[in-house]
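Colleague: One structure, as structure tokens, below. Some questions next.
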Amino acid sequence: MRIRRTDGKAEIVLDNPGRRNAISAGMWEELRSFADSAQADATLRTLVIRGEGSVFSAGADIAGFDSARKRSDAQSYDDLVESTLRALEQLPQVVIAAISGPCVGAGASLACACDIRVAERESFFAVPAARLGLGYDPRGISRFVRIFGKGATSEMLLLAARMAGPRAFELGAIHRLVAPGASATCANTLAELASSLAPLTQRAAKASIQEHANGTGISSAVLELAARADASLDYEEGRAAFAQKRPPIFRGR
């Protein structure tokens with residue numbers, strides 16, 4: 001895995017091309033560590049996650065399952081994956097997935113944990129757990145249902161069927177459907193747009209969206225985030241820029 005930071009944006013590259021960017025336990029740990037450090041980093045505005053080459057990810061690195069996901073250790077491995085995905089979902093920054101080619105299993109879970117998904121027309125999603133005989137983490141299945149819907153998730157899990165990028169776009173699981181080779185460029189363009197907007201507003205909105213999606217209701221913490229945006233200097237700047245017909249400059253305070 002490679003992580004590069006420039007001008008308020010982090011690019012996370014799944015770099016395991018010999019195994020089609022399969023995600024090992026060590027890569028999950030590295031991603032979790034980065035998410036933990038990014039949580040309080042006010043200088044970081046956006047994250048873009050992509051795979052090296054023409055593949056987003058072939059899923060979990062099955063070659064490591066004999067040690068990382070033995071029957072006795074399966075729950076610990078699933079807990080590592082789920083805690084990493086939740087850490088990404090709870091980040092205040094906007095997280096964008098740039099999807100090319102196969103986006104399978106754990107790779108699909110990672111994409112679903114992102115706020116925005118850009119996929120190339122020739123990409124596809126699949127969760128072939130039934131071909132392996134493993135018990136897919138119900139928490140991950142819940143995430144698929146939220147993003148793809150119950151019907152499409154049933155087809156992917158029960159029939160081990162592939163879902164083509166255009167079909168995912170029709171379902172609203174993909175926000176931008178682009179030509180082959182264009183996902184990273186589109187994701188970076190969206191990251192630049194997101195970076196120009198008000199971060200306190202984005203943080204409050206993202207937290208609210210997550211609570212709605214999880215069906216937990218609106219917490220006092222989310223209400224406080226919205227109130228903080230209302231009381232911010234950024235809100236004053238936004239109103240002033242609108243009145244003066246100029247682009248606003250938001251500083252996250």
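The values are calculated or read from the model by the stated rules, or taken from the named source; none is laboratory data. Fair warning: this is a prediction, and the values are worked out from it, not measured in the lab. Here the Cβ is made from the backbone with ideal geometry for all residues, glycine too, and neighbour counts use every protein chain on show.
Colleague: Taking the options 198, 240, name whichever one is hydrophobic (A, V, I, L, M, F, W, C) and closer than 25 Å to residue 98 by Cβ.
Modeller: 198
Colleague: If you don't mind, another one. Within the stretch 103-165, which helices (runs of 4 or more DSSP H) (wholly inside it) include 2 or more residues that are aromatic (Phe, Trp, Tyr) and assigned by TED's automatic domain parsing to the domain that holds residue 50?
Modeller: 138-148
Colleague: A further question on this structure: What do you reckon, is residue 129 under 28 Å from residue 34 (Cβ atoms), buried (at least 24 other Cβ atoms within 10 Å of the Cβ) and touching a residue at least 24 places away in the same chain (Cβ under 8 Å)?
Modeller: Against the criterion (under 28 Å from residue 34 (Cβ atoms), buried (at least 24 other Cβ atoms within 10 Å of the Cβ) and touching a residue at least 24 places away in the same chain (Cβ under 8 Å)), residue 129 does not qualify.
Colleague: Quick one: which residue in 111, 119, 126 is within 28 Å of residue 252 (Cβ to Cβ), at pLDDT 95 or above and touching a strand residue (DSSP E or B) at 6+ places or on another chain (Cβ under 7 Å)?
Modeller: So the residue among 111, 119, 126 that is within 28 Å of residue 252 (Cβ to Cβ), at pLDDT 95 or above and touching a strand residue (DSSP E or B) at 6+ places or on another chain (Cβ under 7 Å) is 111.
Colleague: Taking residue 143 as the residue in question, decide whether it is surrounded by fewer than 20 Cβ atoms within 10 Å (Cβ to Cβ), of a type outside the set (A, V, I, L, M) and in contact with a helix residue (DSSP H, G or I) (Cβ under 6 Å, 6 or more places away or on another chain).
Modeller: No.
Colleague: Check residue 4 against each of (1) farther than 16 Å from residue 92 by Cα; (2) touching a residue at least 24 places away in the same chain (Cβ under 8 Å); (3) of a type outside the set (S, T, N, Q) and name the one condition it does not meet.
Modeller: (2) is the only condition that residue 4 fails.
Colleague: If the Cβ limit is 6 Å and pairs must be 6+ apart or interchain, which residue in the stretch 212-237 that is closer than 20 Å to residue 199 by Cα pairs with which residue that is part of a loop (DSSP other than H, G, I, E, B) and not polar (S, T, N, Q)?
Modeller: Listed by first residue and then by second, the contacts come to 233/253; 234/198; 234/250; 237/248.
Colleague: State whether one or more residues within the stretch 201-216 are touching a strand residue (DSSP E or B) at 6+ places or on another chain (Cβ under 9 Å), at pLDDT below 95 and not assigned by TED's automatic domain parsing to the domain that holds residue 138.
Modeller: The answer is yes, given that some residue of the stretch 201-216 is touching a strand residue (DSSP E or B) at 6+ places or on another chain (Cβ under 9 Å), at pLDDT below 95 and not assigned by TED's automatic domain parsing to the domain that holds residue 138.
Colleague: Among the residues of the stretch 12-64, what is the count of those that are farther than 22 Å from residue 190 by Cα and touching a residue at least 24 places away in the same chain (Cβ under 8 Å)?
Modeller: 23
Colleague: Another question about this same structure. Scan (1) crowded, with 19+ Cβ neighbours inside 10 Å; (2) closer than 21 Å to residue 120 by Cα; (3) hydroxyl-bearing (Ser, Thr, Tyr) for the single condition residue 185 breaks and write down its number.
Modeller: Result: residue 185 passes all but (1).
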